[in-house]
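What follows is one structure encoded as structure tokens, with my remarks underneath.
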Amino acid sequence: MSNLSVGMRQIIRHMGRDKRISLGSFLVLAIILLLIDIFWVASINIDHQYELLLQTVRMEIFISDSLPDDNITLLQESLGKIEMVDSVTFISKDDAARILEGELGAGILDNLDSNPLPRSFILRFRGRLDMKMLDGLKDRLMKLTGVEAVEYGRTWIEKVERMGRFLRYGGYFIGALILFVVLLTMANTNRLTARSKARDFYQLKLLGAGPRYLVTPYLAEGFISALVAALLGWSLILYVSEKISFTYFELMMPPVQEIMIYAVLAGFTGMLGSYLGIRRYLL
Amino acid sequence: MSHKEVLFEFRDVDFSFGGQAVFTKLSFTLDYGEYLVISGPARSGKSTLTQMIAGLIKPQDGVFLVSNEAVEEIIASPRSLRRYRRRLGGVGGIYQLLSDRTVMENICLAAEIAGCSTAQARRQALSAGTKYHLSHIANHYPDMISEGEKRAAQIARAEAARKEIILADSPTDGLDAKSARFINERLTAYHTAGATILYLTSGPGPQSGPQRYLQFQDGRVVATNE
């Protein structure tokens, strides 16, 4: 029995009828899914910028004056061996004085008997950083002999991290909200269609049609509409991103595989929405 | 189809709607392969009978058996109900054509639902359509054809799906004499081919073809030709 061909004919016939409702629903879906796409691109890029920002983080390790110069090299070597550390720069007392004078003006230390500025190391990092990692590293460093103080822009990083967290969770929330709207849209459209087809459902059931026969065209329509709407949205975004160039940053896009998975998931969401819309007519 | 076996058995069935009795101790049987006419005035319960036979409603009291199985049991199982309904066809009353499908698609429909392949359903539909003089309107939608053609398409739909039982609810009401005669002839021919026909009418019903006549009044059988 060619259930598939019967099903396909049903689906094609179903999508062909109520063209205005189908088109209206499709456009609403396409716009909603486009919002998700834009939001997705925005999150990826914010995340990328956040990572770039964290890569500029540096940690300053102040060395006690009592640590003999001979131990400085050993300390520098052990700092360089820390996994996340990309580079270690030694700042001598003289270097520190030059930097300070560079910032605040020459002769600022002239009235002092000796250079009070401590020797220090500046660490730069590689890979993804977070507060926890930096705090852990600070604790480790503070235990090393000769380390007097460790400083990094904790408050600043904390703010950036808070912002990142807010954007991420906000993203999840808005994403879930938009998916819910997709579900509602599909459910309502199909409820309207099914209501107008209630008499036909009744006749089909009288002839012995089962839920599968009744539901298949609606599920297929939900899946195909949402899938095509999702792909259309991405085509538009990719086209526009090709045409626009940004001076200060490169626009990041999700990988094609992820877009495909997203489109299929959108399809299944559309299918679920369709099912919710007509399930009462299946009983 | 085995003959002389009871297909439907109504035993003291009561059914009321909105506080008004529709059936009162309704009792009768219909055998496999039989052609039975039930006639009665309007609001005598004929349409309710069709609904009960189609499994849309259950007796409130008494017993309605389908091939010795209580209709409640059939209704309780969606699968059994579907299987049962695939044996039932109808003309008039609750059985109508789907408005958004052509005549040919409507005729194919029941065969497809019954499990025929698309090609087989189409073949059977074409054959039935020809027999019922519907070929010239095969691609017309129901709102484009006459009432007589609609009724013919409904029987053709049942025949294309090889339905064993036909519920004909006032199938000739509102038809001209020629169309009514054609419908009655087709029902008789389908019965001769082995189908069981239950014909409900407010008039006397067809004169040739049926084997038995029951007179309905106030939801019960008041007379029979036996």
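The numbers here are math on the coordinates, done by the rules we state, and not lab data. Keep in mind it's a predicted model, so treat the numbers as computed, not measured. So basically every Cβ, Gly included, is an ideal-geometry build from the backbone, and we count neighbours across all protein chains shown.
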Practice prompt. Can you put A:173, B:10, A:90 in order of Cβ neighbours within 10 angstrom, beginning with the fewest?
Written response: A:173, A:90, B:10
Worksheet item: At q = 0.19, 0.20 Å⁻¹, what log₁₀ I(q)/I(0) does a Debye calculation on the Cα points of segment A:58-152 give, no solvent, two decimals?
Response: -0.92, -0.99
Worksheet item: Extension gain residue A:53-residue A:143, at 0.36 nm per residue separation less the Cα-Cα distance, in nm?
Response: 29.6 nm
Worksheet item: When Cβ neighbours within 10 Å are restricted to other protein chains, what is their mean count per residue of peptide B:110-117?
Response: 5
Worksheet item: Computed over the Cα atoms of segment B:92-226, what is the convex hull's projected area averaged over all directions, in nm²?
Response: 8.6
Worksheet item: Tell me, what is a quarter of the convex hull surface for the C-alpha atoms of segment B:28-149, in nm² with one decimal?
Response: 9.3
Worksheet, complete the sentence: Interchain or sequence-distant (5+) residues whose placed amide H lies within less than 5 Å of the amide H of residue B:220 are B:24
Item to complete: Round to a whole angstrom and tell me the spacing of the C-alpha centers of segment B:1-74 and segment B:76-106.
Response: 18
Response to the item:
Given all pairs of distinct Cα atoms, chain B yields a Kirkwood Rh in Å of 17.7
Practice prompt. With θ set to phi - 60°, apply the Karplus curve 6.51 cos²θ - 1.76 cosθ + 1.60 along segment A:70-83 and write out the HN-Hα couplings as whole Hz, x wherever there is a Gly or Pro.
Written response: 4, 7, 4, 4, 4, 5, 4, 5, 5, 5, x, 7, 5, 3
Worksheet, complete the sentence: Quotient of Cα radius of gyration and Kirkwood radius for the protein assembly as shown, i.e. Rg/Rh, equals 1.35
Response to the item:
Candidates A:225, A:120, A:245; GNM for chain A (alpha-carbon contacts under 10 Å) flags as most fluctuating A:245
Worksheet item: Just in segment A:19-114: which trypsin sites (Lys or Arg not before Pro) are loop by DSSP and have at most 14 other Cβ atoms within 10 Å?
Response: A:81
Practice prompt. On each of the three principal axes of the Cα atoms of segment B:95-163, give max minus min coordinate, whole Å, ordered largest first.
Written response: 29, 21, 19
Worksheet, complete the sentence: In nm², the average projected area of the convex hull spanned by the Cα atoms of segment A:137-283 is 14.9
Item to complete: Mind jotting down the distance between the C-alpha centroids of segment A:219-283 and segment A:46-106, whole Å?
Response: 47
Worksheet item: Where does each of B:136, A:48, B:191 land when they are ranked from fewest to most other beta-carbon atoms within 10 angstrom?
Response: B:136, A:48, B:191
